[in-house]
Structures are given as C-alpha cells and as structure tokens.
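Notes for the one structure printed next.
Bear in mind that the values in this text are calculations on the coordinates, not laboratory data. In this text the structure is predicted, and so the values were computed from the model without any measurement. Reconstructed Cβ throughout: ideal geometry from the backbone, glycine too, with neighbour counts over all protein chains shown.
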Amino acid sequence: MIYDVDPVFDNSEEWWLSIPEAMRPRKDQPFYHVLAENEQSTYMAYVSQQNLESDTSGPCRHPDIPNHLGPYQDGSYKLPMLSLN
C-alpha cells in the first residue's frame, strides 16, 4: 500500500550504501513509502519505482493503514476527508 512518494531518492546515504551495488536502483526515479506485508509480518518499506510490484491478493492488513487511509470499501481504500486551513 503506497502512502507517500518522493519524486527522487530522499533517504540517507547509509541506507543507499546498505543495498548491494549490483542491486541498487537509480536515484533519479520516484521512491515510494509503502505499507508492506508478507505471510509472517507487516513492515514499512522505501521502494524505487523500478522495484514496485502489483499485489492483487486482497486488502492490506497492515496495522498503520488507519493512520494514512480510510476504510476499505467496494474494492478500494477511501481517502479521509482533509480539512484545509
């Protein structure tokens, strides 16, 4: 579940260097903040556009979804109403 996007890489150099060089994505592409899950756990990830994969398995069960999105209805998450100041 993508909840935010950076137009280009915007994380620490330490994080960048922790990725094996042969697998490092380019920095000049969008990077997404993702609420992710696998069969054992949920987690937050920072993912380059080239590494995004579609998941159509059903609603995400990540516990932080209510902090970012509204309820899951009719096949999608509803964005909460935001008040503008």
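Calculated from DSSP H runs of 4 or more alone, at -39500 (n - 2.57) each and per residue, what is the 222 nm mean residue ellipticity of the chain, nearest 500?
-2000 deg cm²/dmol
Can you check what the net charge comes to around Asp10, using other residues whose Cβ is under 14 Å from the Cβ of Asp10 (Lys, Arg +1; Asp, Glu -1)?
Net charge in that neighbourhood comes out at -3.
Rounded to whole Å, give me the distance from the Cα center of the range 9-37 to that of the range 47-61.
Here the answer is 16 Å between Cα centres.
Determine, for Tyr43, Tyr3, the number of other Cβ atoms within 10 Å of each Cβ, and report the residues in order from fewest to most.
The order, fewest Cβ neighbours first, is Tyr43, Tyr3.
Give, rounded to the nearest 20 debye, the magnitude of the charge dipole that the chain has about its Cα centre when Lys and Arg contribute +1 at Cβ and Asp and Glu contribute -1 at Cβ.
About 180 debye.
By counting other Cβ atoms within 10 Å of each Cβ, how are Val8, Val34, Val47 ranked from fewest to most?
Val8, Val47, Val34
For the chain, which span is the longest to avoid every loop-located (per DSSP) member of GluC sites (Glu not before Pro) having at most 14 other Cβ atoms inside 10 Å?
My reading of the result: 1-38 is the longest stretch.
Enumerate the amide H contacts of Gln29 below 5 Å, restricted to partners 5 or more residues apart or on another chain; note that Pro and chain-start residues carry no placed amide H.
Here Phe9 satisfy the definition.
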